[in-house]
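Every read-out reported here was derived from the displayed coordinates using simple, explicitly stated rules and does not represent laboratory data. It should be emphasised that the depicted structure is a prediction, and the values quoted were computed from it without experimental measurement. For neighbour counting, all protein chains shown are included, and Cβ atoms are generated from backbone atoms with ideal geometry for every residue, glycine included.
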Amino acid sequence: MTISHASADDSASATLDRLAELSALAVAEARRLGASQAEASANDERGLSVNVRMGEVESVERTRDRGLAVTVYFGQRKANASTADLKSESLKRTVEMACAIAKHTEPDAANGLADEARMARQSRDFDQWHPWAIEADAAVALALEAEAAGRGFDPRISNSEGASVSTNEGLSVYANSHGFVGREKSTSHSISASLIAGAGEAMQGQYWYTAALRAEGLESAADVGRKAAERTLARLDPRSAPTGEFPVLFVPEAARSLIAHLVGAVSGGALYRKASFLVGAQGQRLFPDWFRIVERPHLTGGWRSGDFDADGVATRESALVDGGVLQRYVLGTYSARRLGLESTGNAGGVHNLEVAANAEGFDSMLKGMRRGLVVTELMGQGVNTVTGDYSRGAAGFWVEDGAIAYPVDELTIASNLREMFAAIEAVGADVDRRSATAIGSLMVGRMTVAGGAADVG
């Protein structure tokens, strides 16, 4: 069955109308029961996911998740409750439950809705809604094509961890007793393949994936399989890396994690709990003077574009880092009040971060580093957000004379995030746009590499 874009749009609009109606009902019921303020969020998500392995179908899963969560405030007392049953009677019972709980909670001066004046006044279309009218059989065929292209790429590809195709549609509404009602809709689609080369202890596995808001933006299934195969073959016969202090070049997929550590450290919850190494860092130079990160919540076709945050507060484009200086924290309403600051429109997280480049792509950065490590994979959770100490397992490639010499694995890279941020020498223009953090390859001038091999360089 093929569903037209027009009918999919009509269905989405009708669902959003219903979610808005239910959210408004929950808020009104909370106020009727004596709540001084109330807010509700409702969602309707559906998806299709298929997985194949070695030419056989492993799973076909259709999902449909719906629910509503309500938060009530009795002065500075707060409570919430949620339900997956969207019938009116169930909603009323859920609201009653939240109101009953609130009477037993401790007051908190930071509780309450965001100021009414901060509510978003615009409702724009950011071109994020592109349903993929694909049936399960066609999705299976694409997954099989991706795997077959990878397995047939080279006889050294000995096995497969499988290939998958997924599509998701998400509709959501946020409403509160200020009279604010915000609606959002988005889609996401992906194709991935994971392959194995070699045998026994010499086996190496790698993957590739493509992701986009619209199916037309995906790489072909065959290309996904071939790239997975190329990446897998490149990992054969790894060696130990030298141990010592070396420059480290993170490919974009790995570089994103460094930005995630920054965002986590400057987010309100970590700051007011004093569980961050960047407490009090606003206004400090943390990066080189050319380094810049901009949040762009109104980007057309952005992964996380939106006019409002999870509190209904209007979003705005602004620099997180400019001139190497941390310009602001990442705050929702509650955390801002705890810190005596203003919300930055980031309840629920950041929207579309773009890290400015100061270099060409990966190849030119590779030549510039001469000798060091390229990191393609990171393992483990060895990051202490309180101290900033950083130690993670890694794999990638050793570089000699500005060129990849051989693959390496079973190594550790270590430093401190403050030192790493200050030691960033370059960000490439080879931007990976498969997520809400757009960044190219990133060079850290010096880190401790523990690879186990004697350094004869």
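Could you list, in sequence order, all residues of segment 83-109 that are small (Gly, Ala, Ser) and surrounded by 15 or more Cβ atoms within 10 Å (Cβ to Cβ)?
Within segment 83-109, the subset small (Gly, Ala, Ser) is 84, 88, 90, 98, 100, 102, 109.
98, 102, listed by residue number.
The strands (runs of 3 or more DSSP E) located wholly in segment 341-412 that include 3 or more residues which are surrounded by fewer than 21 Cβ atoms within 10 Å (Cβ to Cβ) occupy 372-379, 389-400. Among residues of segment 41-60 that are closer than 22 Å to residue 169 by Cα, those with a Cβ under 6 angstrom from a residue that is hydroxyl-bearing (Ser, Thr, Tyr) and surrounded by 14 or more Cβ atoms within 10 Å (Cβ to Cβ), sequence gap 6+ or separate chain, pair up as 41/174; 42/23; 43/172; 44/15; 48/167; 49/166; 51/164. The set of residues in segment 122-161 that are farther than 16 Å from residue 219 by Cα, in contact with a strand residue (DSSP E or B) (Cβ under 6 Å, 6 or more places away or on another chain) and charged (D, E, K, R) comprises 151, 156, 161. The set of residues in segment 185-212 that are crowded, with 20+ Cβ neighbours inside 10 Å and farther than 20 Å from residue 151 by Cβ comprises 185, 186, 187, 189, 212.
Going through segment 299-319 one residue at a time, which ones are crowded, with 17+ Cβ neighbours inside 10 Å and within 17 Å of the chain's Cα centre (by Cα)? Steps first, answer last, please.
Start the filter on segment 299-319 by keeping residues that are crowded, with 17+ Cβ neighbours inside 10 Å, which leaves 299, 302-315.
Listed by number, the residues that qualify are 299, 302, 303, 304, 305, 306, 309, 310.
Residue selection: residue 78 fails the criterion of being in contact with a helix residue (DSSP H, G or I) (Cβ under 6 Å, 6 or more places away or on another chain) and either in contact (Cβ under 8 Å) with a residue 12 or more places away in the chain or hydroxyl-bearing (Ser, Thr, Tyr) (or both). On the stretch given as segment 233-247, residues that are over 30 Å from residue 160 (Cα atoms) and within 30 Å of the chain's Cα centre (by Cα) total 2. Pairs are defined by a Cβ separation below 6 Å, a sequence spacing of at least 6 or placement on different chains, a first member in segment 156-170 that is farther than 15 Å from residue 52 by Cβ, and a second member that is assigned to a strand (DSSP E or B) and acidic (Asp, Glu); the pairs so defined are 170/45.
Checked against (1) crowded, with 17+ Cβ neighbours inside 10 Å; (2) hydrophobic (A, V, I, L, M, F, W, C); (3) assigned to a loop (DSSP other than H, G, I, E, B), residue 444 meets all criteria but (3).
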